[in-house]
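Let me begin by presenting the structure, written as C-alpha cells, before commenting on it.
The values are calculated or read from the model by the stated rules, or taken from the named source; none is laboratory data. From a predicted model like this one, the values you see are computed outputs, not experimental measurements. Glycine also receives a Cβ, built like all others from the backbone with ideal geometry; neighbour counts cover every protein chain displayed.
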Amino acid sequence: MLILAESTKRLSYLQLFNFHFPNDIYLNLLIFTLTTLIVGYIFRVRQIKANQRKLSFLVDKRTKLISKQKDRIERQNKIVKQQKDQSDELLLNVLPSYVVKELKEQGQVSIKTYENASVMFIDIVGFSKIAERINPKILVTKLNNLFSEFDAIIEKYKLEKIKTIGDAYLAVGGLGVDLKTNPIKCVLAALEIQNLMQKTKDKSLIENSDENWTVRIGIHTGEVITGVIGTKRIAYDIFGSTVNIAERMEANCEPGKVNISEDTYNFVNMFYNCTNRGEIPTKNTGDINMFFVNSLKLSYNQKNNLLNNTWFNSIIDFYAKSKLDFLKLKTFVIQFLNDNLSSNLYYHGSHHTLDVLQSLDQICFHEKVKPADFFILKTAVLFHDMGYIDQYENNEKIGAKYAQKLLPEYGYSKSQIEKISQLILATKVPQTPKNKLEKIICDADLDYLGREDFDNISDNFFRELKENKRLKSKKEWDQIQIKFIQNHNYFTDFSNNNRSKLKNNHLQLIKDRYK
C-alpha cells in the first residue's frame, strides 16, 4: 500500500510538469505494483502462519508438561490417600471410630463414663485341654477363623470389640450410641454366636471330627469407664464392676448357653424367653440373680429365623431412633403397680398387665402393626388397669389420667398420649372398639377367654370378686360368665382364628357345670 501511494504521488508530479508516459509503461508499472503487493501479502500470511505453528507447538509442549506434572501430583495424592486410608483402617481395627476421631482432632482421648453399657464375655470351654492336643499353628489358625466370624457378628449389631485374651473374647455395646437398645442387640449377637457354634458342631459331627468347640457367653448391663491406656502400643479398654460381673456371668454359664444378669434381663425380657436361675453365688461379687436366654419370644420369632426377622428388626430400629423410653417406663409401671395395687386383686394385678402385654405381641405380629402403633398399644396396656389403685369400678378414666401425668417424662408427645388415653378407655366392658388399634387392645385384654389357662385365670377372677364383695357363690359366677362369654366377640383375625373355638368350648363346659 505504501508503494502504491508513492507511485501515485510520483505520477501526480509528472502530470504537474506536463510529462506523458506511454500507455504500456503505465500498465507495466501498475502490474509491478500489484505483483509487489500480492507477494508481500503472501509473505506476510506465511510469516503469521509460521508464528502460529511455532506458538501452537510451544503451547502443546507446555500443556503436555503441565499434564504430566498434574498426573504425577494426582498419583502422589492417590498414594498419600491410600496410605492415609490404610492408617485409618488400621486405627479403626484397634480403636472405636469416635476414639480415632478424638485422637486425630485433640491428640488424646478423654476418659468417659457410660451408664447403660452391655458387656459381653465369650470363652471357649476347655480350651487349655484343646491346646494340649492340637498343633499350635493349626490351633491359632482355627482360633483366628472363629474370632473373625465373631467380629462380623459384633460389627453387624454395632457393638464394639474391646480385646481378646487367649481364648476369651470381650465386646461391649452402648458406648455413646444406641443407649436404649444395646442390651437387646447384645443378646441377639450372643444368640447368633451360639447358633454359629451349633452349626460348627453339626459340621464336625458330619465330618467325624473330635474338635467340637463350645462357648459360654455372659452379659451384664451397667456403668463402665472407658479410656486409652499407654503411649506405645496403645489399647482401648473398659473398666468397672460391670466388666467384673459380666465375667462372672460367663464363668457361671453352661456350655452352649447365654447367661445374663437381672439388670440385662430387665431390658430384654420383653423380647426374649428366659429361664430364671435364681441367685447364684459368685467369687468376690456375692450372690447374683441370673437368667438363661433361650430364644426370641414366639411373637417376634419369624419362622424361627433369628438372622432375618424383618418385623422384630423394624421394632428395634424404630425404638432406637424414637424419643420414647418404653423399657424404662415398663420397669417403673410394673413396680408402681406392685407397690400400690391391693393385694386381693388376684386377677387385675400386675401379672395381668404382663399377660396382656404378651398377648398383644402375638396379635400385633399377625396383624402387621406398624412399630409406632406397636409402642402406643404397649403403653396403653401398661396403664389400662392402673385405675384399680384408686377404685374398683369405672376406673378406665383414672388410668388415662395416670398416663397423661406420667408419660411426658418418658418422651411421649401430646398426640401420642391422646391416642393412648383413647385406647385405655376402649377396654371398658362391654367393649365397643371403633378402630383397628382399639380392636387389638380389646382382644389382648380378654385373650385368656380362648386359652388353655382359662380355668386358672377364671378361678382367680372369682376369688377377687368374692373378696371385694362383688358376688357370693361360684354358681353366681358361672351365671355371669355364661352371659358375658355369649355376648363377647373377638375383633381381630388372629383372635377369631386362634381363640374363638376354645372360648366356645369353655362356654359349653361352664353351661354344663351350671346345670
Exercise. Of everything in region 140-170 that's in contact with a helix residue (DSSP H, G or I) (Cβ under 7 Å, 6 or more places away or on another chain) and in a helix (DSSP H, G or I), which residue is surrounded by the most Cβ atoms within 10 Å (Cβ to Cβ)?
Worked result: I154
Problem set entry | Pick from region 175-191, criterion over 11 Å from the mean Cα position of the chain (by Cα) and at pLDDT below 90, ranking: surrounded by the most Cβ atoms within 10 Å (Cβ to Cβ) | L175
Exercise. Residues of region 358-384 being under 9 Å from A444 (Cα atoms) and among the small types (G, A, S), which ones?
Worked result: S359
Exercise. How do the pairs read when you match residues in region 433-445 that are without any contact (Cβ under 8 Å) to a residue 60 or more places away in the chain with residues anywhere that are surrounded by 17 or more Cβ atoms within 10 Å (Cβ to Cβ) and β-branched (V, I, T), using Cβ under 6 Å and keeping only pairs 6 or more apart or on different chains?
Worked result: K439/T492
For this session: Please work out which residue is nearest to the chain's Cα centre (by Cα), limiting yourself to region 106-138 and to residues that are acidic (D, E) and outside any helix (DSSP H, G or I).
Result: E115
Exercise. Across region 456-468, which residue is nearest to Y392 (Cα to Cα) among those that are without any contact (Cβ under 8 Å) to a residue 40 or more places away in the chain and surrounded by fewer than 17 Cβ atoms within 10 Å (Cβ to Cβ)?
Worked result: D459
Problem set entry | Test: residue in region 479-495 that is more than 45 Å from the chain's Cα centre (by Cα) and buried (at least 17 other Cβ atoms within 10 Å of the Cβ) | yes
For this session: For region 394-423, enumerate the residues that are more than 32 Å from the chain's Cα centre (by Cα) and either in a helix (DSSP H, G or I) or modelled with pLDDT of 95 or more (or both).
Result: E396, K397, I398, G399, K401
Exercise. Which ranges mark the strands (runs of 3 or more DSSP E) fully within region 206-292 that have 1 or more residues being within 30 Å of V333 (Cβ to Cβ) and modelled with pLDDT under 95?
Worked result: 215-229, 272-282
Exercise. Here is a list of conditions, (1) touching a residue at least 24 places away in the same chain (Cβ under 8 Å); (2) in contact with a strand residue (DSSP E or B) (Cβ under 9 Å, 6 or more places away or on another chain), and K161 meets all of them except one; can you say which number that is?
Worked result: (1)
Seminar exercise, completed: Sole miss for K428 among (1) in contact (Cβ under 8 Å) with a residue 40 or more places away in the chain; (2) closer than 28 Å to L502 by Cα is condition (1)
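Yes/no matrix, rows are residues, columns are (1) touching a Phe, Trp or Tyr at 6+ places or on another chain (Cβ under 9 Å); (2) outside the structural domain of N468 (by TED's automatic domain parsing); (3) within 21 Å of E438 (Cβ to Cβ); (4) surrounded by fewer than 19 Cβ atoms within 10 Å (Cβ to Cβ):
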| residue | (1), (2), (3), (4) |
| --- | --- |
| Y346 | yes, no, no, no |
| D373 | no, no, yes, yes |
| Y388 | no, no, yes, no |
| L425 | no, no, yes, yes |
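Can you give me the ranges of the helices (runs of 4 or more DSSP H) entirely in region 433-496 with at least 2 residues that are more than 17 Å from H351 (Cβ to Cβ) and in contact with a helix residue (DSSP H, G or I) (Cβ under 8 Å, 6 or more places away or on another chain)?
436-445, 474-487
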Exercise. Looking only at residues in region 354-393 that are in a loop (DSSP other than H, G, I, E, B) and free of Cβ contacts under 8 Å to residues at least 24 places away in the same chain, which one is nearest to S415 (Cα to Cα)?
Worked result: K370
Exercise. Across region 397-422, which residue is surrounded by the most Cβ atoms within 10 Å (Cβ to Cβ) among those that are in contact with a Phe, Trp or Tyr (Cβ under 9 Å, 6 or more places away or on another chain) and of a type in the set (A, V, I, L, M)?
Worked result: I420
Seminar exercise, completed: For region 314-353, the count of residues that are of a type in the set (S, T, Y) and outside any loop (DSSP other than H, G, I, E, B) equals 5
